[in-house]
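The values are calculated or read from the model by the stated rules, or taken from the named source; none is laboratory data. Quick caveat: nothing in here was measured; it's all calculated off a predicted structure. Cβ sites come from the backbone with ideal geometry, for glycine too, and all protein chains shown count toward neighbours. For accessibility, only protein heavy atoms count, side chains too; no ligands or nucleic acids. Shrake-Rupley method; radii C 1.70, N 1.55, O 1.52, S 1.80 Å.
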Amino acid sequence: MKGGYDHFMQKEIHEQPESLLQTMRGRVKFDRSPAKLGVDPYQERRVTLGGLTEHVSTIRFGRRIMLVACGTSYYACLACRQTIEELTDLPVTLELASDLMDRRCPIFRDDMCVFVSQSGETADTIQALEYAKERGALCIGITNTVGSAIARSTHCGVHINAGCEIGVASTKAYTSQMVTLTMVALALSEDSIAKRARRDEIIDSLGQLPEKVREVLLLDTEMRSLAQQLMKEESLLVFGRGYNFATALEAALKVKEVALMHSEGILAGEMKHGPLALVDENMPILVIATQDRMHAKMLSVVSQLRARNARLIIVCNKGDTGIADLVSERCRLIEVPQVVDCLQPVVNIVPLQLLSYHLTVLRGMNVDQPRNLAKSVTVT
Ligand code: UD1
Ligand code: BG6
């Protein structure tokens with residue numbers, strides 16, 4: 001069942017090139033044909049989500065999009081919020097399902113509520129779905145499990161088709177959720193002329209994504225050696241911002257939930273408002289500084305941490321000379337291939353999943369069944 005791997009989590013991390021292909025199969029049309037006379041080249045690239053086709057215009061004319069989820073699924077929403085905002089020009093809000101219910105958050109008939117859940121059975125998310133339905137909102141599901149409670153209860157939706165995920169810590173479902181949310185943003189913006197160039201750039205990058213993930217999986221041995229270096233630590237801070245704030249939170253969650261090591265994901269923009277007090281020459285700090293609009297700001301974060309003699313591990317793009325100029329012998333680089341900015345979180349999380357996997361094994365913890373946790377939380 002584990003296909004030659006020692007654990008399901010390890011198998012599911014390594015399955016990602018294939019699971020991402022499955023998520024996109026039959027849905028994304030990549031333009032790989034040579035230019036044809038008289039054919040509008042923009043019509044060649046498109047995203048068709050069978051489960052949403054009838055609802056696209058309703059969603060486009062909605063008042064706002066509200067993304068609702070728990071745990072890793074919530075971080076997938078956080079990672080894609082900017083893409084949905086950018087491509088649809090609609091306000092996008094994020095809700096942790098339990099908090100939405102605690103606040104009894106106002107929801108209206110012209111709200112488009114998207115419930116993201118790997119299992120489709122998470123009690124908090126189901127409760128929030130029933131609450132939104134009672135208020136007349138259009139309820140859209142993004143689930144991995146056909147026939148699950150959320151898939152059945154939503155008005156429409158998209159299956160992420162990542163394949164069965166068994167390890168309690170979500171890995172391949174996370175990357176497929178991000179790709180699905182990106183496809184939703186693309187499907188919702190299909191008729192926008194102003195967004196054509198951006199949409200094309202994203203669709204082209206989706207086409208390369210499985211190969212880029214295959215490439216980043218080659219860092220496995222390096223991540224094991226990094227885990228050996230970190231296994232005795234008590235804590236790991238993870239800094240990110242922009243698209244990769246979600247990567248920082250998800251990486252920290254993985255380290256916490258499976259390796260049982262304290263870890264905190266921090267918005268780099270908040271560094272000076274508290275977290276900097278924790279920085280000294282002993283605390284390991286992971287910084288996500290791949291090349292996007294936040295890059296200059298992340299280089300400045302690296303400089304400020306270096307000035308405090310921090311122990312740095314930096315996730316950066318291959319060939320990034322800006323980072324190379326800043327690093328010292330106390331700094332370790334995790335070099336990842338570059339993809340379009342909004343899909344870079346899909347590539348960036350993979351070495352950090354590998355790191356948390358190896359940390360767990362080296363620390364002698366249970367990889368697939370971490371203590372006190374369940375794959376599907378069916379009580380509130
Ligand atoms: C569907 C078929 C797929 C087939 C393809 C061919 C299913 C499950 N999927 O995929 O096997 O190859 O057509 O065209 O039979 N839905 C919800 N809530 C959710 C998720 C989905 O209501 O959380 C609904 C959708 O609105 C849709 C149906 O479930 O009506 C299937 O969704 P999805 O599998 O994403 O649709 P297709 O990709 O078109
Ligand atoms: C549990 C799982 O806490 O539920 C997490 O252990 C998961 O991995 C979370 O992210 C939410 O689950 P789901 O199925 O709604 O995505």
message = Restricting to region 53-65, count the residues that are open to solvent by less than 40 Å² (accessible area, probe 1.4 Å) and either within 16 Å of ligand 2 (Cβ to nearest atom) or more than 19 Å from G136 (Cβ to Cβ) (or both).
response = 1
ask   = When region 237-259 is examined, which residues are found to be over 13 Å from the mean Cα position of the chain (by Cα), within 17 Å of K375 (Cβ to Cβ) and surrounded by fewer than 24 Cβ atoms within 10 Å (Cβ to Cβ)?
value = K256, E257
remark   = Those residues of region 156-214 which are more than 16 Å from ligand 1 (Cβ to nearest atom), at pLDDT 95 or above, of a type in the set (S, T, N, Q) and touching a helix residue (DSSP H, G or I) at 6+ places or on another chain (Cβ under 8 Å) amount to S170, T171, T175, S189, S205
For G319: the one exception among (1) within 22 Å of E211 (Cα to Cα); (2) at pLDDT below 95; (3) touching a Phe, Trp or Tyr at 6+ places or on another chain (Cβ under 9 Å) = (3)
remark   = Selection over region 67-83 where residues are part of a strand (DSSP E or B) and of a type outside the set (A, V, I, L, M) yields a count of 0
key: Pairs, first open to solvent by 40 Å² or more (accessible area, probe 1.4 Å) and part of a loop (DSSP other than H, G, I, E, B) in region 140-164, second of a type outside the set (K, R) and within 12 Å of ligand 2 (Cβ to nearest atom), C-beta under 6 Å, six or more apart   = T145/S119; T145/G120
ask   = How many residues are in a loop (DSSP other than H, G, I, E, B), at pLDDT 95 or above, open to solvent by less than 50 Å² (accessible area, probe 1.4 Å) and more than 19 Å from E329 (Cα to Cα) if we restrict to region 268-307?
value = 3
message = Just to verify a result, which residue in region 210-234, among those that are of a type in the set (D, E) and out of contact with any Leu (no Cβ under 8 Å at 6 or more places or on another chain), is most open to solvent (accessible area, probe 1.4 Å)?
response = E234
task = Sort through L343, L312 and tell me the only one that's in a helix (DSSP H, G or I), open to solvent by less than 40 Å² (accessible area, probe 1.4 Å) and among the aliphatic types (A, V, I, L, M).
result = L343
task = Filter region 78-136 down to residues that are over 30 Å from R198 (Cβ atoms) and polar (S, T, N, Q) and give me whichever is farthest from ligand 1 (Cβ to nearest atom).
result = S98
